[in-house]
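The values are calculated or read from the model by the stated rules, or taken from the named source; none is laboratory data. Not measured: the values here are computed from a predicted model. Ideal geometry is used to build each Cβ from the backbone, glycine not excepted, and the neighbour counts take in all protein chains shown. For the accessible areas, the whole protein counts, side chains as well, though only heavy atoms, and no ligand, DNA or RNA atoms are used. Shrake-Rupley method; radii C 1.70, N 1.55, O 1.52, S 1.80 Å.
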Amino acid sequence: MYETEQKKERVILVGISLSDAEDVDQSLDELEELARTAGAECVGRVIQKRELIHPGTYVGKGKIDEIRDLLWETEADGIICDDELSPAQIGNLKDELHTKIMDRTLLILDIFAARASTNEGKIQVELAQLKYRQSRLTGYGTSLSRLGGGIGTRGPGEKKLEMDRRLIKGRIARLNRELTEVKNHRQVAREQRKKEMLPVIAIVGYTNAGKSTLLNYLTGAEVLAENKLFATLDPTTRGYQLGSGQKVLFTDTVGFIRKLPHHLIDAFRSTLEEAKYADLILHVVDASNPQLDEQMHIVYETLRGLGVQDKPVITVFNKQDLLTEPVILRDFQADATVPISAATGAGIDALESKLEEVLRGQKALVEYTFPYKDAAKIQLIRKYGELLREEYLEDGIAVEAYVPIPIYGKIFADS
């Protein structure tokens, strides 16, 4: 992995505990995991309880002194703040601490830069990086001139760090044009799938919930699946045939996370919106994670922000093989829930049955005896529907099947 290619940066994590906020320790645990994924070693934590984040320096004066002492004691290379910093906060902290200043957004962008492998993914990541850095050139100052300087300087955006705002603005405009072409191509692909009337199932979930492992188990997609945050970035679509013979398309999406940077949501909107055009949402949850309720809430909030509403949802509580004792698992926002283990295959049959059941709810039931002269219509049902029964009788072919609504209209158009 890329984190072994250079000396690990030693960092201190800094978080704010607001009076109405969730447990800051959980958020910093996740921030530490993000830092490890980016190749850093966490050597300390500083938490300050405040009613509001300090507008100038993120934390108060007393905590800045504490951070300065901890930097000296641990010989850390920099700090990572658990929220997105403003240019003023970055500049003021740098003046006070004389060290590298990073935030959660920069960290996630860095990981995305390392993970992007397709042309589309690289365009999206570079666009997000440039938009983030455009307003922060002053805040980062001379640190932007360092190439290969660790977290925040990798990926397709690293050679752009010395650009002035005018050049960055021009680059953003070009990337937006390229992204528009990608979106148009994605729309053409959607239209083609619509013509083929193949149900599309979007796999969504919190990062590291096991989405790629599930896709690999079902379709043999061979997508990278690691026990790391954002192990896979680029979306993957694969065909699959359910036990009933129904053909479907599974589309994997980038994992969600708390405080997902708006730069990434904007840049990856065309990718994330795959869920918006899907026929069914398959919500993958890590059942072994103590914060699963909060993670589920974040996924639903992100989906609502993308305009993904009124879609049937099946929630799979994954990683059952990691549970050491029975746990009551519920998702009141889902239409159905299924416990599975994508690693071992446990519960996959039950998942398939539930998928078929929910998809049937979007189709019309046909119970009809077709004259032999209309035998071609049976082929139409086989191609686009789910044929449950076919019986050859004296007066025709008796059929029981579920078919998409448009096909139902074609079948009986001339009847």
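Our estimate of slack between Glu181 and Ala375, defined as 0.36 nm per intervening residue step minus the Cα-Cα distance, is 65.5 nm. Of all DSSP beta bridges confined to the chain, the antiparallel ones make up roughly 35%. On a 27 Å Cα-Cα criterion, which of the cross-link pairs Lys61/Lys131; Lys354/Lys383; Lys7/Lys49; Lys183/Lys247; Lys194/Lys311 come out too long? Exceeds cut-off: Lys61/Lys131; Lys7/Lys49.
The computed semi-axes √(5λ) of the Cα gyration tensor in Å for the structure shown corresponds, within (1) 34, 22, 21; (2) 49, 24, 17; (3) 39, 23, 21, to (2). Each DSSP beta bridge with both residues in the range 1-133 is either parallel or antiparallel, and the antiparallel ones are about 5%. Restriction of the trypsin sites (Lys or Arg not before Pro) in the range 246-348 to DSSP coil positions whose beta-carbon has at most 12 other beta-carbons within 10 angstrom yields Arg330.
Centre-to-centre, using Cα atoms only, the range 318-340 and the range 175-189 are separated by 37 Å. For the range 374-415 versus the range 79-122, the inter-centroid distance based on Cα atoms is 58 Å.
Solvent-accessible surface of the range 246-315, averaged per residue with a 1.4 angstrom probe and all protein chains in place: 33 square angstrom.
Using a probe of 1.4 Å, the accessible surface attributed to Glu400 totals some 50 Å² when neighbouring protein chains are kept in position.
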